[in-house]
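Coordinate-derived values only; no laboratory data. Just so you know, these numbers come straight off a predicted model, no measurement behind them. When we count neighbours, we look across all protein chains shown, and the Cβ atoms used for this are built from the backbone with ideal geometry, even at glycine.
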């Protein structure tokens, strides 16, 4: 059985974690396959990716069999193992194509970290989230840069330290989730987001996504040259020229 499945609908690719028997938990093979797909592909006509989980759960974190191996790992083996997950999250975070997370059932541990690297997260109203590592005597270290950037230090202190599970409503309150809907309506909400994304220029989306990481945590004075150079580059680009002309001429640009 493939660890990942794909469905293509024009410019939209649906990517599904396909380990429903273990609640789509991570192991070495799933991490390696997802990393290879993310790093190795040319995006071609794909303009939106929807990341989902097969079965009853989005992603329950680490596979129990994988965890049992970790107990016997040396420090060096653990570092290598953790860096593999970190590389995956970095690759997903840096994708130039918008990534929509479709969360149902649960997103726990690394699964919640996976949600944190999605650009937009749509969750079922009965889904459960949790950074549950501390209850196992470990910490959510590899996912922490992405999670803290998303939810902030205050929420991270509460949720990392208690390792408590929390609702989709709470996940939306802290910024981990952007929209909450009944499970039956998830795809309707995702379709609405997709339609909006397809009206924006692909290069502008990639540039905006990169810009967020470049300016986060820095003062306007620090990034003044960067932001001026960025807008100038996009204004003279083919997309920028076409988009501004289309707006002034009251017509749609070709990408819409």
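At a temperature of 4 °C and a viscosity of 1.567 mPa s, determine how fast the range 4-197 diffuses translationally according to Stokes-Einstein, using the Kirkwood radius over alpha-carbon pairs as Rh; express D in µm²/s, rounded to the nearest whole number.
Estimated diffusion coefficient is 77 µm²/s.
What's the exposure ranking of 64, 85, going from fewest to most Cβ atoms within 10 Å?
Least crowded to most crowded, the residues run 64, 85.
Which angle from 0 to 90°, rounded to the nearest 10, does the C-alpha axis of helix 186-198 make with the longest principal axis of the chain?
Taking Cα atoms only, the helix is inclined about 40 degrees.
Share of antiparallel DSSP beta bridges in the chain, in percent to the nearest 5?
Counting DSSP beta bridges with both partners in the chain, the antiparallel share is about 30 percent.
Determine the shape class of the range 165-211: with a ≥ b ≥ c the square roots of the Cα gyration tensor eigenvalues, call it rounded for a/c under 1.5, and otherwise prolate if a/b is greater than b/c, oblate otherwise.
oblate
Of the candidates 225, 81, 126, which one comes out as most mobile in a Gaussian network treatment of the chain with C-alpha springs shorter than 10 Å?
Maximum among the listed residues: 225.
In terms of the Cα gyration tensor, with a ≥ b ≥ c the square roots of its eigenvalues, is the range 128-190 rounded because a/c is under 1.5, prolate because a/b exceeds b/c, or oblate?
It is prolate, given that a/c is not under 1.5 and a/b is the larger ratio.
Relative to the first principal axis of the alpha-carbon coordinates of the chain, what is the inclination of helix 202-215, with its axis defined by its Cα atoms, in degrees from 0 to 90 and to the nearest 10?
Between the helix axis and the principal axis of the chain, the angle is about 60 degrees.
Of 193, 73, how do they rank once you tally other Cβ atoms within 10 Å and put the fewest first?
In order of increasing Cβ crowding within 10 Å: 73, 193.
Full-extension gain between residue 227 and residue 43, please, as 0.36 nm times their residue separation minus the C-alpha to C-alpha distance.
63.7 nm
Mind jotting down the distance between the C-alpha centroids of the range 136-155 and the range 200-256, whole Å?
Between the Cα centre of the range 200-256 and that of the range 136-155, the gap is 30 Å.
How far is helix 75-94 tilted off the main Cα axis of the chain, in degrees rounded to 10, range 0 to 90?
30
Who wins for biggest fluctuation among 147, 189, 97 in a Gaussian network model of the chain, springs between alpha carbons below 10 Å?
189
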